[in-house]
Each structure stands twice: as C-alpha cells, then as structure tokens.
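Enquirer: Sharing a structure below in structure tokens format, with a few things to ask.
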Amino acid sequence: MAIQVVILAAGLGTRLGKPHPKPLTPLSSGESIMRRAVNLLRDAYGDEVYVTAVVGFKLDLVIEAMSDISFVYNEVYDSTNTSKSLHKALTLSQPGGVLWLNGDVVFDPRVLGLIHDKIEAGKSFVCVNTASVAEEEVKYTLDEDGYIAELSKTVVGGLGEAVGINYISADEKAAFIARLAEVDDQDYFERGLELAIANDGIKLEAVDISQWEIVEVDFEDDLTRANSFVEG
C-alpha cells in the first residue's frame with residue numbers, strides 16, 4: 001500500500017534563528033532534518049512512500065535541497081499557521097490516509113516501525129511522549145474510551161505531549177479537511193483535530209513512543225539533544 005506523507009516546512013522558524021528554513025538545519029549525521037526524515041521514511045516503507053512538503057519561507061532553498069520529493073506552496077506562510085499549510089496539502093492529496101510530520105522533528109527510526117501497523121489498519125493517531133508534559137508543548141487528554149479528547153498547548157492535566165508525527169485515516173480525512181478550513185489562520189492543526197473529534201466523532205489513538213528519542217527542534221538546546229542520538 002502506498003503511504004502518503006506530508007512534511008510541514010513552510011514556517012519562518014524564528015525561534016531557532018537560522019538564516020535558512022528550519023527543516024534544512026544540518027545534523028551531526030551530515031543530513032538536514034528534512035533529508036534525514038525522508039531517508040528514514042524510504043528506508044522503512046520503501047519506494048511506495050510518496051512525500052510532499054508544504055513550503056513557504058525561502059521555498060527555493062527547500063526545493064533545491066529536496067528535489068526528489070513533491071511540493072505544495074502556502075503563499076500566505078507568513079500570516080498563517082500549520083492548520084492552513086496542512087489544509088492545503090490534504091486538499092491536494094490523493095485518496096487514502098495521510099501521515100504528516102512537523103518539518104522540525106528528529107526521531108529514532110524505530111518510531112516508523114511502531115506506527116506502520118496503525119497505518120496499514122487505517123487507524124488515525126497522534127504520536128505522544130508520556131514522559132514529558134512541558135507547559136509550552138501540545139498536550140492531550142483521553143476520553144472514557146481511551147481516545148484523544150483534548151489536544152492543544154492550553155490543555156490542563158495533560159497526560160503527555162504530542163511529538164509532531166500524526167496520521168489521519170481515509171475515512172476521517174474529509175471531516176478533518178473541513179475543520180481545518182474553519183479554524184483561524186493562526187491556529188495550529190491540532191485545533192482542527194479537536195473540532196473533528198467534538199463535531200464529527202473521529203477517533204484518534206494516542207500512540208506512545210516514549211521509549212525512543214524524538215525531539216522537535218525549536219531552540220539550540222533541542223538541536224544539541226537531537227544530535228546526541230542521530231547516527232553519524
């Protein structure tokens with residue numbers, strides 16, 4: 001089965017303070033964050049993986065560096081957030097479910113093996129880390145059936161953090177796309193998921209990947225941590 005992957009890479013990345021798009025930040029392996037992610041996806045899922053990146057800020061640099069994938073352009077990248085980038089990518093995606101990654105996430109490749117069965121089964125999910133519940137991160141709670149109930153940075157009593165790797169099933173994609181269209185320009189995509197849970201009854205599993213290293217690179221300390229487990 002072909003696996004569609006979207007990488008969100010349109011943002012300004014101002015907190016890290018690099019002159020290039022954050023996904024192009026070099027790692028100790030010699031690869032950029034995005035190149036490493038694409039290589040790991042292909043290693044795990046083979047030639048049947050189809051990768052599209054949403055670009056905006058200095059898109060020419062991303063396209064030149066990643067000429068072996070496809071691209072979607074968010075022309076209002078400087079005034080919108082991840083909800084609108086993902087909306088554009090999902091609207092243009094092929095039939096079927098879609099796996100999406102934040103463009104700044106560095107992860108242990110074993111994460112991809114863990115989620116493969118969920119993708120094959122057509123189960124929507126959000127990867128989470130239950131070992132950390134930092135105030136500034138996207139947190140979650142569960143409903144009485146064990147599915148995600150709340151998903152945002154303002155969640156109180158969060159059970160863990162979302163780590164930036166997610167999947168929407170073919171059956172639930174249309175509802176999610178519609179909710180992403182509704183949310184405010186500055187909302188993160190998690191707001192669209194919350195609305196789809198509340199209004200459309202989509203079921204999101206929380207897939208715990210805490211046993212393996214994963215980090216979203218927002219600051220220099222995050223980059224140092226990522227490089228500590230990246231294979232050279």
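Enquirer: For region 112-156: of the residues being of a type in the set (K, R) and in a loop (DSSP other than H, G, I, E, B), which is farthest from V49 (Cα to Cα)?
Expert: Checking each candidate, the answer is K153.
Residue-wise test of (1) farther than 27 Å from D108 by Cβ; (2) modelled with pLDDT under 95; (3) in a strand (DSSP E or B).
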residue	(1), (2), (3)
I7	no, no, yes
R15	no, yes, no
R42	no, no, no
Y50	no, no, yes
V54	no, no, yes
D60	yes, no, no
V76	yes, no, no
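Enquirer: Looking for something more than 20 Å from I148 (Cα to Cα) and either surrounded by fewer than 21 Cβ atoms within 10 Å (Cβ to Cβ) or aliphatic (A, V, I, L, M) (or both) - is there at least one such residue anywhere in region 189-210?
Expert: no
Enquirer: If A149 meets every condition in (1) modelled with pLDDT under 95; (2) in contact with a strand residue (DSSP E or B) (Cβ under 7 Å, 6 or more places away or on another chain) apart from one, which number is that one?
Expert: Exception for A149: condition (1).
Enquirer: For the subset of region 198-215 comprising residues that are assigned to a loop (DSSP other than H, G, I, E, B) and within 17 Å of the chain's Cα centre (by Cα), which member is modelled with the highest pLDDT?
Expert: L204
Enquirer: Can you name the residue in region 131-154 that is surrounded by 15 or more Cβ atoms within 10 Å (Cβ to Cβ) and of a type outside the set (A, V, I, L, M, F, W, C) and, of all such residues, is nearest to P23 (Cα to Cα)?
Expert: Among those residues, the one meeting the criterion is E137.
Enquirer: Answer yes if at least one residue in region 38-47 is closer than 17 Å to E231 by Cα, touching a residue at least 60 places away in the same chain (Cβ under 8 Å) and in contact with a strand residue (DSSP E or B) (Cβ under 8 Å, 6 or more places away or on another chain), and no otherwise.
Expert: Yes: region 38-47 contains one or more residues that are closer than 17 Å to E231 by Cα, touching a residue at least 60 places away in the same chain (Cβ under 8 Å) and in contact with a strand residue (DSSP E or B) (Cβ under 8 Å, 6 or more places away or on another chain).
Enquirer: Separate question: Can you tell me which residues in region 74-96 are of a type in the set (S, T, Y), within 16 Å of I63 (Cβ to Cβ) and in contact with a strand residue (DSSP E or B) (Cβ under 6 Å, 6 or more places away or on another chain)?
Expert: Matches in region 74-96: S85 only.
Enquirer: Could you please let me know if V72 is β-branched (V, I, T) and within 22 Å of D218 (Cα to Cα)?
Expert: Criteria not met by V72.
Enquirer: Against the conditions (1) of a type in the set (G, A, S); (2) within 26 Å of E120 (Cβ to Cβ); (3) surrounded by fewer than 18 Cβ atoms within 10 Å (Cβ to Cβ), where does G157 fall short? Just the number, please.
Expert: G157 satisfies every listed condition except (2).
The values are calculated or read from the model by the stated rules, or taken from the named source; none is laboratory data. These numbers were taken from a predicted model, which means no experiment stands behind them. Neighbour counts are summed over all protein chains in view; Cβ atoms, including those assigned to glycine, are modelled from backbone coordinates with ideal geometry.
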